[in-house]
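Here's the structure we're looking at; comments come further down.
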Amino acid sequence: MTTKKCDKKVIYHIERGIMRFVEVPVPCGNTDPYGSVALCPKCEHKRKSINERSAYINSLAPSNWGDF
Ligand SMILES: [Zn+2]
């Protein structure tokens, strides 16, 4: 299985205080500021398999997932 890397960025607007939002571009496939996976509309359909894979990885990982 070959996966062509997507170079799209997903823009998030993160609240930084009252009525202040910061634009945060996250490369498609990376972890978004909320801790889930940022996916552009084209890749959105991959979310389910990505979540299943990360749930599997988490189940294997030791508890010292740490200050990453
Ligand atoms: Zn994408």
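Laboratory data are not the source of any read-out in this text; all were calculated from the coordinates shown. None of these values were measured; they are calculated from a predicted model. Here the Cβ positions follow ideal geometry from the backbone for every residue, glycine too, while neighbour counts run over all protein chains shown.
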For residues that are within 14 Å of the ligand (Cβ to nearest atom) and either outside any loop (DSSP other than H, G, I, E, B) or exposed (fewer than 10 other Cβ atoms within 10 Å of the Cβ) (or both), tally how many sit in the range 1-11.
-> 7
Could you please find all residues in the range 32-55 being hydroxyl-bearing (Ser, Thr, Tyr), more than 14 Å from the ligand (Cβ to nearest atom) and surrounded by fewer than 12 Cβ atoms within 10 Å (Cβ to Cβ)?
-> Tyr34
Working carefully through the options Lys4, Lys42, find the one that is touching a residue at least 24 places away in the same chain (Cβ under 8 Å) and not hydrophobic (A, V, I, L, M, F, W, C).
-> Lys42
Scope the range 12-56; condition outside any strand (DSSP E or B) and charged (D, E, K, R); matching residues = Arg16, Arg20, Asp32, Lys42, Glu44, Lys46, Arg47, Lys48, Glu52, Arg53
